[in-house]
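Worksheet: one structure, shown below.
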Amino acid sequence: MINLLKYATKFAFRRIRIKSFQIIDDFLPADIEKAQGKLHISITNRKRWENVMINKFDSRDHLISCLLASCYIPMYSMGYRGVPPVINEEEYIDGGMTNNLPTFSDVPTITCSPFSSQADICPEDPSTWNVVFGKQTFKASTQNLYRGARALFPPTRHILKQYYEMGQDDAEKFIQGKI
């Protein structure tokens, strides 16, 4: 029974990684020139535990590796012994571990988060308590806990559509407040 459970768990993690690669590979154009210098991907060097922002890509495969690293959550993505994506001979994981909401000093940045936080565009939850993770300050709320669980265990398409619509409403409120 334990061996079967261990195999099933490894298979589920492997399936997540394969599916992530397939989605990225299907949607990413062959020519990545438009991404050069414009797309910024936040990843964390696992050994040094420091944030790295990448916006220049040696090849399409390099870009895919960066995208896979940016959504690699230790233990969740490939289990306890999983090996994160390797870029330039170093292991990288989700940039949210060290800088969940990057901003740029030389370019105006509008921050957007699915969690109630100090981002420019985000849901508003009533809470007087804050939690800091990955350089982002979140509201300590049951709604944010629920959103976090939904990020790890994706809900139905119907609920995802509701999240999309809520995000659109939050963005419109932000724009109206700036006009």
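What is the extension gain from V86 to R60, computed as 0.36 nm multiplied by their sequence separation minus the C-alpha to C-alpha distance, in nm to one decimal?
7.9 nm
Students often check this: by mean Cβ neighbours within 10 Å, which of 163-175, 145-157 ranks highest, and how do the rest follow? Write out the running numbers ahead of the final one.
On the way: 163-175: 12.8, 145-157: 11.2.
In descending order of packing, they fall as 163-175, 145-157.
Order E91, E50, E33 by their accessible area, 1.4 angstrom probe, all chains in place, largest first.
Reading off the accessible areas and sorting them downward yields E33, E50, E91.
As a test of the formula, what do you get for the chain when each DSSP H run with n ≥ 4 contributes -39,500 (n - 2.57) and the sum is divided by the residue count, at 222 nm and rounded to the nearest 500 deg cm²/dmol?
So the calculated ellipticity at 222 nm is -13000 deg cm²/dmol.
What percentage of the solvent-accessible surface of the chain, computed with a 1.4 Å probe over protein heavy atoms, is contributed by carbon and sulfur atoms?
With neighbouring chains kept in place, the figure for the chain is 59 percent.
With the dipole of the chain worked out from charges on the C-beta (+1 for Lys and Arg, -1 for Asp and Glu) around the Cα centre, which of Q22, P108, F57 lies farthest toward the positive end?
Selected residue: Q22.
Only one of the values (1) 167; (2) 279; (3) 195 was calculated from this structure for volume of the Cα convex hull per residue in Å³; name its label.
Among (1) 167; (2) 279; (3) 195, the one calculated here is (1).
Which value, in debye to the nearest 20, describes the size of the charge dipole of the chain about its Cα centre when Lys and Arg Cβ atoms bear +1, Asp and Glu Cβ atoms bear -1, and nothing else is charged?
With Lys and Arg at +1 and Asp and Glu at -1, about 740 debye.
May I ask you to derive the relative contact order of the chain, considering only C-alpha pairs under 8 Å and at least 6 residues apart, and to give it as an integer percent?
Relative contact order, the chain: 15 percent.
For the range 20-29, what does the Karplus curve 6.51 cos²θ - 1.76 cosθ + 1.60, with θ = phi - 60°, yield as ³J(HN,Hα) per residue in whole Hz, taken in order and with x for Gly and Pro?
4, 4, 4, 4, 4, 4, 5, 8, 7, x
Per residue, how much accessible area does the chain show when a 1.4 Å probe rolls over the protein heavy atoms, in square angstrom?
72 Å²
Using modelled amide H (1.01 Å from N, peptide plane; none on Pro or chain starts), what sits under 5 Å from the amide H of I87, excluding residues fewer than 5 places away?
The answer is Y92.
Taking amide H positions as placed 1.01 Å from N in the peptide plane, with prolines and chain starts having none, which residues 5 or more places from F133, or on another chain, fall under 5 Å of its amide H?
F138
Show me, for the range 87-93, the HN-Hα J-couplings you get by feeding each phi into the Karplus relation (A = 6.51, B = -1.76, C = 1.60, θ = phi - 60°), rounded to Hz, glycine and proline as x.
10, 6, 6, 10, 7, 10, 10
Taking the convex hull of the Cα atoms, report for the range 100-178 its projected area averaged over all directions, in nm².
So the Cα hull casts an average projection of 5.9 nm².
Set the Förster distance to 22 Å, then compute FRET efficiency between Q162 and T142 from the Cβ-Cβ distance, nearest 0.05.
Numbers: r = 17 Å, r/R0 = 0.79.
For Q162 and T142, the calculated efficiency is 0.80.
On full extension of the chain, what length is gained from L28 through C112, given 0.36 nm per residue of separation minus the C-alpha to C-alpha distance?
The span from L28 to C112 would gain 28.0 nm if fully extended.
How many nm separate the modelled label positions at K19 and W129, each set 7 Å beyond the Cα in the direction of the Cβ?
3.3 nm
In whole Hz and in residue order, list the ³J(HN,Hα) couplings for the range 59-71 that follow from phi through the Karplus curve 6.51 cos²θ - 1.76 cosθ + 1.60, θ = phi - 60°; x for Gly and Pro.
My calculation for the range 59-71 gives 6, 5, 4, 4, 4, 4, 4, 5, 5, 5, 5, 5, 10 Hz in order.
I'd like the chymotrypsin sites (Phe, Trp or Tyr not before Pro) in the range 66-116 restricted to DSSP loop residues with at most 12 other Cβ atoms within 10 Å, sorted by number. Could you put the intermediate results ahead of the total?
Details: sites: Y72, Y76, Y80, Y92, F104, F115; in loops: Y72, Y76, Y80, F104, F115.
Those that pass, being in a loop and sparsely packed, are Y80, F104.
The values are calculated or read from the model by the stated rules, or taken from the named source; none is laboratory data. Nothing here was measured: the structure is a model prediction, and the numbers come from that model. Cβ: placed from backbone, ideal geometry, glycine included. Neighbour counts: every protein chain shown. What goes into the accessible areas is simple: the full protein's heavy atoms, side chains included, and nothing from ligands, DNA or RNA. Shrake-Rupley method; radii C 1.70, N 1.55, O 1.52, S 1.80 Å.
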